[in-house]
1. Output the pairs from Lys226/Lys392; Lys20/Lys137; Lys220/Lys392; Lys139/Lys355 with a Cα-Cα distance over 25 Å in this structure; if there are none, say none.
2. So who's got an amide H within less than 5 Å of the one on Leu35, skipping anything under 5 residues away but keeping other chains? H placed 1.01 Å off N, in plane.
3. With a 1.4 Å probe and all protein chains left in place, how much of the accessible area of segment 344-470 comes from carbon and sulfur atoms, in whole percent?
4. What GluC sites (Glu not before Pro) in segment 555-606 are in a loop by DSSP, with at most 12 other Cβ atoms within 10 Å of the Cβ?
5. Relative to the longest principal Cα axis of the chain, at what angle does helix 487-503 sit, 0 to 90 degrees, rounded to 10?
6. Determine Rg/Rh for segment 5-123; Rg is computed over alpha-carbon atoms and Rh is the Kirkwood hydrodynamic estimate from the same atoms.
7. Considering the values [x] 54, 29, 19; [y] 44, 36, 29; [z] 52, 28, 24, which represents semi-axes √(5λ) of the Cα gyration tensor in Å as calculated for the structure under consideration?
8. Angle, helix 454-467 long axis vs. longest principal axis of the chain, Cα atoms, 0 to 90°, nearest 10?
Amino acid sequence: MTARKILLVPLDPVHDVGLKMIRRGLAEAGHETMLLPPDLSVEEVVQEVMRTAPDTVLISRTLGYGVAEVLARLVDLLDAVGVRDRIRLGVGGMAVRPELAAELGFDGGFGPGTTVAEALAFVEDREYRQVQGDSRKEKQDFTAGYSYEYRHRGIREKLAAITDMILTWAENKTSPGVERAAVREELWDVDRWRNYEPVNDFFNAYAGLCGETARNFYEKGIFPPKTRRFTRKEVAALEDYVSRTAERMMAPRLQRGRPKPLVFNQYGTGCPFMDIGHIKVSEGWGADGVIHFDPSWGARTEGLFDGFLTHEEDGTLITPANLNRIKKSLEPGTLWQVRAHRGLNTPETAVLAGKIGADLTKINICYGALGAGTEPARMTVDGIWTIRYAAKYNLPFDVVTNEELCGVPAYKAFAGMLITVDLALRLGGRPVLQPLFCYSPEVMIGGQMEDNYVDFNAAKVVALKQIIDAPVWPGAPVGFLTQTEDRVQSSAATAFHACAAAMLGADAVTIASSDEAYSGGPISVPAKIDTLQAVKAGFRFFGRLELTPTRQAELWSEEIIAGIEDTLARVVEKGDFVQALYDGVLGSREDGAYPGRNGRGTVIEK
């Protein structure tokens, strides 16, 4: 490489910090640099160019007022004195865009976020290529390093008794969902399917185990309402989009100075093509993982569908082809969660997710039975088998506590979460604790968040960490019911909650786009970027700072722990976990929890 002579010109009344940073990088690369003082006139800059005869001139212009006129005058004067053709001329600054620079006659233009490496490439007249190591993430197993040892003896002993109770009760029981999962596990070969080889044995055994809607799909070709297959033209367009996007994808990190929490973003528009677009935006703006949301009616339907299908309403159908297309579109370092936590297809979803190549799933028996509409006995049998399959396919899973949104107090929701956690540990699974960071009915009525949103959320994390050594993943998403229709407020509220989770030592966090966060309706790309950028700015602002819980948070954590132990004791006293769900021990009708009806009467003795 030939050393170049570079003249650095802060064409600005006061600022030259950016050029000083670039100057250091250029000097380290072996180039000769000369930095002019700020606030020189255009004429003085031209005189310095004539006197020093540089190879490259880099102009910095921070302030935007009259920027185009000033820069155009500089180029005209350089041309008038006959030196423009002998130099490379670049300009950068907050007010600069590449299009403006080209229009004004510069060889290069650099806006906010320009790196020293980009400036160096321009000086050396070569194409800038970001190093792969700087732009590619590696998947992280955030369950690694946790012992899953209990720190609270009383809670550990009660959970052990409840787990024995559940496994004994379920020993000889099965359901249509369990039977379909077994057929998917035994007869559906994902490699043969991907090679377009027939899997007739699977279909012959599967359709008869489905409910009417799915059976009509397989036997009569009748699609669910508002659902259709993708056309060949649409598939070709999708493949072209994924290919072109992958070529230019860069995956920045949202975290600053700390490895966690990993940030997950949700998708589930109903259309896998649109989902993939949202996923690529999430990846391109820093998300570490994405979460598949299926339609709520799918959880009430016995049986999954087949084919590459699009659905006109929220929630994307879980089919092998839909999941496979989404899997193929992901960046290698993106974690992918397929939820399996609440409906009649829970065990089979875990099998399919495992075979297709998901990294994580989601399971909670109590939430599925009390807040998501599935009959408690059915949810318990199916949940046990879902955990077994998750363990087999090495799928860690979060245990969500969304029954809090129904009005169930945190301590009851946490008792239910810990029951699923203990079952998982007995069956070889790797559960992740997921407390809600939300403005729940409990705190609306009780006033725990009258002053701030921090203390009660901190109390949740403190309580869980005092009970068991396990990963914590606040979600689903954080800040729920604190956002408004104002996109700035919504993004800021989400970022504040994500930062609180980070400073409390959380391992992961789920965020929503600024429009989805308050409405649950259509999700726009700009709104998704709003939230990701807000979280990134928050992480940068707080860096490695830790949040020390206040005395009030500690008091509430003690109340939560006591409530958990008391609730578990009541389940043990009841002697029947499913009956405890029906009797409101883990969430009553007065709380806002209602035992589900979907799948009633479908649990059978083997």
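1. Working: Lys226/Lys392 35 Å; Lys20/Lys137 30 Å; Lys220/Lys392 34 Å; Lys139/Lys355 18 Å.
Going by Cα-Cα distance, Lys226/Lys392; Lys20/Lys137; Lys220/Lys392 fall outside the 25 Å limit.
2. It is Leu8, by chain and number.
3. Values: 1320 of 2710 Å².
Using a 1.4 Å probe with all protein chains present, segment 344-470 comes out at 49 percent carbon and sulfur.
4. Numbers: sites: Glu558, Glu559, Glu565, Glu573, Glu590, Glu605; in loops: Glu590.
Here the GluC sites (Glu not before Pro) that fit, given the DSSP loop and packing criteria, are Glu590.
5. 70 degrees
6. On the way: Rg = 12.7 Å, Rh = 13.9 Å.
Rg divided by Rh gives 0.91.
7. Label of the calculated value: [x].
8. Computed tilt is about 60 degrees.
The values are calculated or read from the model by the stated rules, or taken from the named source; none is laboratory data. Computed from a predicted model, the values in this text were never measured in an experiment. Cβ: placed from backbone, ideal geometry, glycine included. Neighbour counts: every protein chain shown. Side chains included, ligands, DNA and RNA excluded: accessible areas come from the protein's heavy atoms. Shrake-Rupley method; radii C 1.70, N 1.55, O 1.52, S 1.80 Å.
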